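> This is the structure, below, for whatever I ask next.
The values are calculated or read from the model by the stated rules, or taken from the named source; none is laboratory data. Everything quoted here is computed from the prediction, not taken from an experiment. Glycine gets a Cβ as well: all are built from the backbone with ideal geometry, and neighbour counts include every protein chain shown. Only protein heavy atoms, including side chains, enter the accessible area calculation; ligands, DNA and RNA are left aside. Shrake-Rupley method; radii C 1.70, N 1.55, O 1.52, S 1.80 Å.
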Amino acid sequence: MPVAAVTVLPATTDSSPASRKPSALSAPEKKYKCQFCARAFSRSEHRSRHERSHTKERPFKCMKCRSTFVRRDLLLRHDRTVHAKDGLGDPLQSDTKRRTAPKASPVAGASTMSMDFDTIAMEQYHGDGSGDFEEAAILVNMQRQGMVNQESGLLHTDLAMSPTGPPTFDPSNGFAPGAMTLPQMPWDNLRQQPPPEVKPNSVPSSISGSHDPHTSFGNHGMTQQPNPNQLPPIVDNHVHASDPLPLAFQSLSGSLPSGLATPGALSPFPSMMGPVSPVDYRRSPGPPQICKMAKAPQVETEEQFRRVIENIKKCDSEGALIEAFRLPTITVLNRYLSTYFNCFHHHLPFLHPASFDPSLVSAPLLLAVLSIGALYTFEQEQAYMLHIGSKVLINQFLQNKEEFSSRKCPLWAMQSSLLNMIFASWSGDPKGLEWACSMKSLLANMVAGNRYELKLRSEAREGAHPSHEEWIEDEGCRRTYYAVYIFFGLLTLTFNHTPAIGFNEFDILELPSSETLWNQEALDEESWRESLTASTIITFREAHHALFQGEAARYSAFATRVMINALFLEVWYHKRSPEALQDVVTEYKLRLALETWEKSLTLCEPETVVVQLSAPHKGHPLIFNAMAMYRNTTARLVVDLKSIQEALRYHDSYEVAAAMTNARDKVKRSQEMLKVIQECFDCIEVAALQGIRWVARTSATNWSIEHPLCGLDMIVILSLWLWRVEHDEEPATPEEAAMYSKLRDLFDEDSMDNYDAKLSSTVARLWGSMIDEVVVWGITKLMGESFKLHAQALTGFEDAIPARSRTPTPTMTSRPVQVAAY
């Protein structure tokens, strides 16, 4: 961009004509006028780029992820930053390089076949004169590497983002998935083997032997018709080291460079060798290990499905589910299990996939798992039915216990309650949040009693190593305690709820192990003891003490997420203390602990479990999620948006937006605030480099709920700081101008020209549009609507400032006030 650096400081000034500062350089003559508005430009290409904001034209398309751009240089940057290490085709070339004629192939036969397909592809995309050379070239390259399904044809990849995927739901219930489908990775089609013939479901819904596509526990259940808008069944995408490579992978692997040592987490190749770290695969310590992908539990036989039905009947002692509840078919049930363990489990891995047998696990826990799995397939009615069924069974279990004791409460009851509370809290329904809050004390009591029993079991061993089965049981308990701790921390972060579990509850409890050890297959006792001894597992107290002493600690990815939750709660308690303003020593220690936590990321336990989620962070998702909470915690040391958190409790987007706008007095312009703005920049840069449209379509199913929850504070602070820089009478300092320019460079002109808005309102509007485009958790819809209203309010302030000097204050007689009905 040859003229982009000329006008930086004027963007930080007031919008009123009197307060505008002259540019350091004289602006060139603007002779190219826009045909849609009154704006003029000095160069014709700038005018063409601007006019696309009116026509909504985005002519440059990325064929690897379906993102679109208004400029080719943005497409090239997106290809370099996002797809550089995916291994999906060749990188895009500049205009000069792509015009170079390709060299002839040395093999005549291969050249002829390639030429035939090239001709077909080019004719298809250029026959009407409207195609793009890159689209055909990329598909040609993908066909050569076996990455296009022959049966589906060239346009099969377009179905991944079909606008007719999920059904449209009533927006009043807090969910509006819109017209998005589950994102598919380019290699998903490679693993789809010809599906076996599926026999009609012969599992009886009752002893009489009648069968129904959706098994009913009543005698008069109606057959549910398939929804043409529902998503197709999700294919099991996991490949194991023992399985032979599909033919497509064999041809593709031969084309890869031999120097490829440790691919990213999204690599489809099962025989990867090399140390894999949750922080950065290339810097991982430890010996080389074989990467593995954990397989989602499935119901494989009709006998297992029959056992699932019998388990639900046994738990439903009062017959409360007979009339309304309907169990999905085997195919649908397995799809829900796959989406839970592939999309949600990695963000909170307290269940043990290898020992999770759907036919043996407790019915309330199975239904709770299925309900969250249904959310990730955008089947809201099924999700709520399964969620309510799980709650009913849990209530029956607790009520039928004449002498309830938290010490004797089974682990599955705690896990089921946790999943149901997660479902209700992030559903976008204020009644669900109220119910979850009423269950907090009960769940905290379960954790306290169960932890005491774990302590007694550990002491009874008198220092001896537990067997593999004993360790799985104990580790499952520890992971569940910490999952509850993390969930309670998110409730505090989002709604300013007082934490229900304190630090002393864990104290000498060991932190969670690495995901590699947690998913390790059963070994003989000697090998198991060697693996356990080689693992670095420290207690909560040891890690907490090391961080506050400035000593980097070594622990797992899950433990990393636990410790940043602990530091966040430390900051929350500190800011709520009456002596917080005078307690400089505590704040210094908290900053030291946060810096040490960040340095400890490089020492994280190496992982060999590959997670198939699309995210900019190439390591384990727990580290990616922990970084989001780290940025939020750092910002809260300076700015505490308590009023917004309290408004969120009642799920009114107008009240939340008003709280956002009224918080502008809490955001000051200072050197300390610039450090917070840097964290805000890091937050939004993740989405900007990936592509706003790409993140909007994929983050709901690939990223954890932590990112929109933690990002709320960051984007509010950022938008209010930008508004101050743009409208304060005090001129921007060089540091502020540099930060403003750096933020401005993240967005293309198409985003900025909409509504002729300033950067402050643009940031709020883009973030709101991004997080509510595809909805899994209903609370993101609430946040998205609130940010859009907040952006409108910032634009309103901008228009009102110059108007104040020339317009008298309106009266009731001169201009009637309209009261909006909410």
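> Fully extended, how many nm does the chain gain between residue 662 and residue 745 (0.36 nm per residue separation, minus their Cα-Cα distance)? It would help to have the intermediate numbers written out before the result.
On the way: separation 83, 0.36 × 83 = 29.88 nm, distance 2.77 nm.
Value of the extension gain: 27.1 nm.
> Could you grab the relative contact order for segment 454-541? Cα pairs under 8 Å, six or more apart, rounded to a whole percent. Show your work: numbers first, answer last.
On the way: 53 pairs, mean separation 30.8, N = 88.
RCO, segment 454-541: 35 percent.
> Would you calculate the separation in nanometres between label points at residue 470 and residue 331, each defined as 7 Å from the Cα along the Cα-to-beta-carbon direction?
4.7
> For residue 435 and residue 521 in one chain, what is 0.36 nm times their gap in residues minus the Cα-Cα distance, to one decimal in nm?
Working: separation 86, 0.36 × 86 = 30.96 nm, distance 3.86 nm.
Full extension from residue 435 to residue 521 adds 27.1 nm.
> How many nm is it between the label spots at residue 737 and residue 72, if each spot is 7 Å from the Cα in line with the beta carbon?
3.4
> What do you get for Rg/Rh over segment 657-782 if you use C-alpha atoms and the Kirkwood form of Rh?
Working: Rg = 14.4 Å, Rh = 15.1 Å.
Ratio of gyration radius to Kirkwood radius: 0.95.
> Here is a follow-up. In segment 635-676, what percent of the accessible surface is made up of carbon and sulfur (1.4 Å probe, ligands and nucleic acids excluded)? Please list the in-between numbers first.
Numbers: 850 of 1840 Å².
The C+S portion of the solvent-accessible surface of segment 635-676 is 46 percent.
> Just to confirm my numbers, what's the Cα centroid distance between segment 623-677 and segment 524-560 in Å?
One Cα centre to the other: 33 Å.
> Could you sort out which of 589/675; 666/781; 314/391; 575/781; 675/742 sit more than 21 Å apart by Cα distance in this structure?
666/781; 575/781
> With every protein chain left in place, what is the accessible area per residue of segment 551-625 in square angstrom, probe 1.4 Å? Kindly include the intermediate steps, with their values, before the conclusion.
On the way: 2720 Å² over 75 residues.
Per-residue value: 36 Å².
> Taking the simple approach of a point 7 Å from Cα along Cα-to-Cβ for both residue 40 and residue 381, what is their distance in nm?
6.0
> Can you list the residues of segment 540-557 with backbone N under 20 Å from a point 7 Å past the Cα of residue 531, pointing along Cα to Cβ?
Residues 555-557 fall inside that zone.
> OK, next. Hey, can you rank 443-453, 393-403, 734-744 by average C-beta count inside 10 Å, highest first? Present the calculation step by step, with values, prior to reporting the outcome.
Details: 443-453: 18.8, 393-403: 14.4, 734-744: 16.9.
Ranking, from highest mean packing down: 443-453, 734-744, 393-403.
> Give a quick list of chymotrypsin sites (Phe, Trp or Tyr not before Pro) in segment 30-59 that DSSP marks as loop, anything other than H, G, I, E or B, with at most 14 other Cβ atoms within 10 Å.
Values: sites: 32, 36, 41; in loops: 36.
Passing sites in segment 30-59 are 36.
> Please report the spacing between the Cα centers of segment 373-433 and segment 448-523 in Å, no decimals.
20
> Students often check this: by mean Cβ neighbours within 10 Å, which of 454-461, 707-714 ranks highest, and how do the rest follow?
Details: 454-461: 12.4, 707-714: 24.1.
The peptides rank, most packed first, as 707-714, 454-461.
> Could you sort the peptides 329-340, 766-777 by per-residue average Cβ neighbour count (10 Å cutoff), highest mean leading?
Details: 329-340: 22.5, 766-777: 24.1.
Top to bottom by mean Cβ count within 10 Å: 766-777, 329-340.
> Could you give the length gained on full extension between residue 576 and residue 539, defined as 0.36 nm per residue of separation minus the Cα-Cα distance, in nm? Before the final figure, lay out the partial values.
On the way: separation 37, 0.36 × 37 = 13.32 nm, distance 2.74 nm.
Here the answer is 10.6 nm.
> Return the FRET efficiency for the residue pair residue 549, residue 461: r is the Cβ-Cβ distance, R0 is 35 Å, and the value is rounded to the nearest 0.05.
Efficiency at R0 = 35 Å is approximately 0.70.
> So if I restrict to the alpha-carbon atoms in segment 401-535, what is the Rg, and what is Dmax, the biggest pairwise distance, in Å?
That works out to 16.7, 52 Å for Rg and Dmax.
> What percentage of the solvent-accessible surface of segment 403-562, computed with a 1.4 Å probe over protein heavy atoms, is contributed by carbon and sulfur atoms? If you can, show how the numbers build up before the last one.
Numbers: 2970 of 6220 Å².
On segment 403-562, the fraction of accessible area on carbon and sulfur atoms equals 48 percent.
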